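Here the structure is laid out as structure tokens; the discussion comes afterwards.
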Amino acid sequence: MLANAGDQHPPTVLIVEDEAAIRMAVQETLEDNGFRTVEAANAREALDTIEKMGRTIDLVFTAVRIPGEMDG
């Protein structure tokens, strides 16, 4: 559990991973430990999500090698 579980909202983690099974496993683990999560399958989706959500993303968890125009 998070040390700051009494805070107004848990930290939000953006998970950027092209492999759906890995993305879901990371999401489940983080949510089980009190984090909110947002997912993206590639760097473009991640940037779009960050732009939409603004400062509500507290941490980015990303794969280093992701197919597409950009990587992690």
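The values are calculated or read from the model by the stated rules, or taken from the named source; none is laboratory data. Because the structure is predicted, anything quoted here is derived from the model rather than measured. Ideal geometry is used to build each Cβ from the backbone, glycine not excepted, and the neighbour counts take in all protein chains shown. SASA here: full protein model, heavy atoms, side chains in, ligands and nucleic acids out. Shrake-Rupley method; radii C 1.70, N 1.55, O 1.52, S 1.80 Å.
I'm trying to understand the selection: among the residues of the stretch 21-47, which are among the hydrophobic types (A, V, I, L, M, F, W, C), part of a helix (DSSP H, G or I) and either at pLDDT 95 or above or open to solvent by 70 Å² or more (accessible area, probe 1.4 Å) (or both)? Reasoning before the result, please.
Residues of the stretch 21-47 among the hydrophobic types (A, V, I, L, M, F, W, C): 21-22, 24-26, 30, 35, 38, 40-41, 43, 46-47.
Next, only the ones that are part of a helix (DSSP H, G or I) stay: 21-22, 24-26, 30, 43, 46-47.
Answer for the stretch 21-47, where residues must be among the hydrophobic types (A, V, I, L, M, F, W, C), part of a helix (DSSP H, G or I) and either at pLDDT 95 or above or open to solvent by 70 Å² or more (accessible area, probe 1.4 Å) (or both): ALA21, ILE22, MET24, ALA25, VAL26, LEU30, LEU47.
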Are there any pairs with C-beta distances below 6 angstrom linking a residue in the stretch 48-72 that is open to solvent by 90 Å² or more (accessible area, probe 1.4 Å) to a residue that is modelled with pLDDT of 85 or more, with the two at least 6 apart or on different chains, and if so which?
-> LEU59/VAL13; PHE61/VAL13; PHE61/ILE15
Tally the residues that are closer than 14 Å to PRO11 by Cα and among the polar types (S, T, N, Q), restricting the search to the stretch 34-63.
-> 2
